[in-house]
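The structure under discussion appears below in the form of structure tokens.
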Amino acid sequence: MARILIAEDETRIASFITKGLAAEGHTTTTAADGVTALDLALSGEFDLVVLDIGLPRLDGYGVLDGLRSQGARVPVIVLTARDSVADTVQALEGGADDYMPKPFRFAELLARVRLRLRQADDRPTSREDALEVGQVRLDLRSRVAQRDGRTVELSAREFQLLELFMVNAGQVLSREQLLSHVWGYDYDPGSNVVDVYVGYLRRKLGADAVATVRGMGYRFGPTGGTRG
């Protein structure tokens with residue numbers, strides 16, 4: 001079972017989550033402030049982090065920034081009373097893997113925990129520090145992308161999408177696969193968010209970076225498909 005860090009300063013909520021996850025066989029550790037949470041999350045000892053945004057000393061956005069800027073890839077589920085669209089976007093673009101507003105149902109949280117742990121298990125076991133496909137290089141530690149030696153600025157979500165493409169270079173990935181792995185199971189299958197982000201990558205990496213395989217999905221690389 002997984003080792004899960006619960007970064008939550010409300011004792012009642014932290015206890016509720018701890019008891020529920022323990023009943024499922026998971027090992028939990030609780031951090032009541034952001035500084036402690038960041039230190040623990042960077043230790044490499046945890047498989048997943050449940051993160052509140054309104055933490056003392058360092059808020060959840062600061063914890064996310066600290067994790068992702070130092071190359072930590074541990075899955076993070078944000079759990080917070082802040083449920084505006086702006087807060088959701090800020091958390092996801094800051095590197096969160098999922099976002100749940102309070103109040104929440106434990107069954108839903110557990111489903112998301114299982115999903116994120118399963119996706120983490122599906123990642124390549126190689127401990128490579130970088131991926132290289134053609135003229136594109138992705139440094140997984142510094143989270144820096146380059147095309148022809150030129151540094152390309154990517155948002156956290158663009159980075160996740162590019163990493164998935166490069167890990168599966170040469171394979172056609174459907175929109176549903178991309179939605180599930182990058183945005184989470186609760187996104188509308190009819191959403192055009194994948195197409196929008198593919199467009200972002202093409203503008204930043206070149207029009208030939210991602211090929212469209214009509215009726216099937218997308219493939220990373222300049223061959224085997226058409227733009228559009």
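Table: residues versus (1) among the charged types (D, E, K, R); (2) open to solvent by less than 40 Å² (accessible area, probe 1.4 Å); (3) modelled with pLDDT of 95 or more.
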{"position": "GLU24", "(1), (2), (3)": "yes, no, no"}
{"position": "ALA31", "(1), (2), (3)": "no, yes, yes"}
{"position": "GLY34", "(1), (2), (3)": "no, yes, yes"}
{"position": "ALA37", "(1), (2), (3)": "no, yes, yes"}
{"position": "GLY44", "(1), (2), (3)": "no, no, no"}
{"position": "ASP47", "(1), (2), (3)": "yes, no, no"}
{"position": "VAL50", "(1), (2), (3)": "no, yes, yes"}
{"position": "ILE53", "(1), (2), (3)": "no, yes, no"}
{"position": "TYR61", "(1), (2), (3)": "no, yes, no"}
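So for the stretch 99-114 (the condition being within 23 Å of VAL196 (Cα to Cα), hydroxyl-bearing (Ser, Thr, Tyr) and either touching a helix residue (DSSP H, G or I) at 6+ places or on another chain (Cβ under 7 Å) or open to solvent by 50 Å² or more (accessible area, probe 1.4 Å) (or both)), does at least one residue qualify? For the stretch 99-114, residues within 23 Å of VAL196 (Cα to Cα), hydroxyl-bearing (Ser, Thr, Tyr) and either touching a helix residue (DSSP H, G or I) at 6+ places or on another chain (Cβ under 7 Å) or open to solvent by 50 Å² or more (accessible area, probe 1.4 Å) (or both): present.
Quick check, is ARG137 within 18 Å of VAL198 (Cα to Cα), modelled with pLDDT of 90 or more and touching a Gly at 6+ places or on another chain (Cβ under 9 Å)? Quick ask: steps written out before the conclusion?
Working: within 18 Å of VAL198 (Cα to Cα): yes; modelled with pLDDT of 90 or more: yes; touching a Gly at 6+ places or on another chain (Cβ under 9 Å): yes.
When the stated conditions are applied, ARG137 passes them.
Within the stretch 151-176, can you find the residues that are over 16 Å from the mean Cα position of the chain (by Cα), aliphatic (A, V, I, L, M), over 10 Å from LEU201 (Cβ atoms) and surrounded by 18 or more Cβ atoms within 10 Å (Cβ to Cβ)? Selection gives LEU173 alone. Take the conditions (1) touching a residue at least 24 places away in the same chain (Cβ under 8 Å); (2) buried (at least 16 other Cβ atoms within 10 Å of the Cβ); THR18 misses just one of them, which is (1).
For residues in the stretch 210-228 being modelled with pLDDT of 85 or more and either in contact with a His (Cβ under 6 Å, 6 or more places away or on another chain) or basic (Lys, Arg) (or both), which is surrounded by the fewest Cβ atoms within 10 Å (Cβ to Cβ)? Give the steps one after another, and end with the answer.
Keep residues of the stretch 210-228 that are modelled with pLDDT of 85 or more, which gives 210-220.
Checking which are either in contact with a His (Cβ under 6 Å, 6 or more places away or on another chain) or basic (Lys, Arg) (or both) leaves us with 214, 219.
Working: ARG214: 8, ARG219: 20.
Among them, the one singled out is ARG214.
None of VAL198, VAL193 is under 17 Å from the mean Cα position of the chain (by Cα), of a type in the set (A, V, I, L, M), at pLDDT below 90 and surrounded by 15 or more Cβ atoms within 10 Å (Cβ to Cβ) except VAL193.
Is it the case that LEU131 is hydrophobic (A, V, I, L, M, F, W, C), modelled with pLDDT of 90 or more, surrounded by 15 or more Cβ atoms within 10 Å (Cβ to Cβ) and under 18 Å from the mean Cα position of the chain (by Cα)? Against the criterion (hydrophobic (A, V, I, L, M, F, W, C), modelled with pLDDT of 90 or more, surrounded by 15 or more Cβ atoms within 10 Å (Cβ to Cβ) and under 18 Å from the mean Cα position of the chain (by Cα)), LEU131 does not qualify.
Of all residues in the stretch 83-107, those being modelled with pLDDT of 90 or more and aromatic (Phe, Trp, Tyr) number 1.
Name every residue in the stretch 64-87 that is at negative phi, open to solvent by less than 30 Å² (accessible area, probe 1.4 Å) and small (Gly, Ala, Ser), in order of residue number.
Once the filter is applied, which keeps residues that are at negative phi, open to solvent by less than 30 Å² (accessible area, probe 1.4 Å) and small (Gly, Ala, Ser), the stretch 64-87 yields GLY66, ALA72.
Scanning the stretch 21-36 for residues that are within 23 Å of ASP59 (Cβ to Cβ) and either touching a Lys or Arg at 6+ places or on another chain (Cβ under 9 Å) or part of a loop (DSSP other than H, G, I, E, B) (or both) yields THR28, THR29, ALA32, ASP33, GLY34, VAL35, THR36. On inspection, SER180 fails the criterion of being part of a loop (DSSP other than H, G, I, E, B) and of a type in the set (Ser, Thr, Tyr).
The values are calculated or read from the model by the stated rules, or taken from the named source; none is laboratory data. Being a predicted model, the structure only gives us computed values, none of them experimental. Because the Cβ atoms are built from the backbone with ideal geometry, glycine has one as well, and the counts that use them run over all protein chains shown. Quick note on the areas: whole protein, heavy atoms, side chains included, nothing else; ligands and nucleic acids left out. Shrake-Rupley method; radii C 1.70, N 1.55, O 1.52, S 1.80 Å.
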